[in-house]
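Reading through the structure tokens given below for one structure.
The values are calculated or read from the model by the stated rules, or taken from the named source; none is laboratory data. As the structure is a prediction and not an experimental result, all values here were calculated from the model. So basically every Cβ, Gly included, is an ideal-geometry build from the backbone, and we count neighbours across all protein chains shown.
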Amino acid sequence: MASRNLNDCVPELIAKYILAEEKCRAIGIFLQIFCTARTVSEQVALWLQGRRPLESVNAARRVAGLKEITEAENRYCVTWTTKSAHIVDATNPLSRAIDFGLKKQGINPWDLKADTNGDNEADFDQVGEIMESVGLKWGVIGADGVRKDKGHVQLAS
Ligand SMILES: [Zn+2]
């Protein structure tokens, strides 16, 4: 199963993430971790989501030991790569990426427009700026130049 444990990340990532998390807390934004390490079969199953029929996606999810998803969930993509920095294996046993979301009662943790600290700025943009300030790579810039995956950070190199 995919991990949510920060200790499954490389030490440099742990240090930078904790520092960023402190800086977020200082401006009233609280975070929670949704994923750190993933196996390659989990990554493949995630990549198929939104790109293949539900039957194929759920077959891959069973192989990876993930819960099956619904037709509605199969209408969108959740990852943009099969070579994710989350993937761990025998030679790279620790994740180089973290997926996070907002943490506040009654808030959708992935709401990109949420403003939980009430300063009229989208929290995700403030968090992203902080993540970059500690040297982490934030999100993924798509071919269209638009930043996607705003709940993802990874080591820069
Ligand atoms: Zn990620």
* Please specify each residue of the range 25-73 satisfying the condition of being assigned by TED's automatic domain parsing to the domain that holds C9, free of Cβ contacts under 8 Å to residues at least 12 places away in the same chain and small (G, A, S). => A26
* If we keep just the residues of the range 62-99 that are outside any loop (DSSP other than H, G, I, E, B) and of a type outside the set (G, A, S), which is farthest from the ligand (Cβ to nearest atom)? -> R62
* Asked: Out of the range 100-139, which residues are more than 13 Å from C24 (Cα to Cα), of a type in the set (A, V, I, L, M) and not in a loop (DSSP other than H, G, I, E, B)?
  -> L136
* To do: Check N108 against each of (1) at pLDDT below 95; (2) away from the ligand (no atom under 12 Å from the Cβ) and name the one condition it does not meet.
  => (1)
* To do: Take the range 20-61 and flag every residue that is in contact with a strand residue (DSSP E or B) (Cβ under 7 Å, 6 or more places away or on another chain), under 15 Å from I87 (Cβ atoms) and in a helix (DSSP H, G or I).
  => V40, Q43
* **Of the criteria (1) outside any loop (DSSP other than H, G, I, E, B); (2) at pLDDT 95 or above; (3) under 30 Å from K23 (Cβ atoms); (4) not polar (S, T, N, Q), which one K148 fails** => (2)
* E22 more than 30 Å from S133 (Cβ to Cβ), modelled with pLDDT of 95 or more and surrounded by fewer than 13 Cβ atoms within 10 Å (Cβ to Cβ) -> no
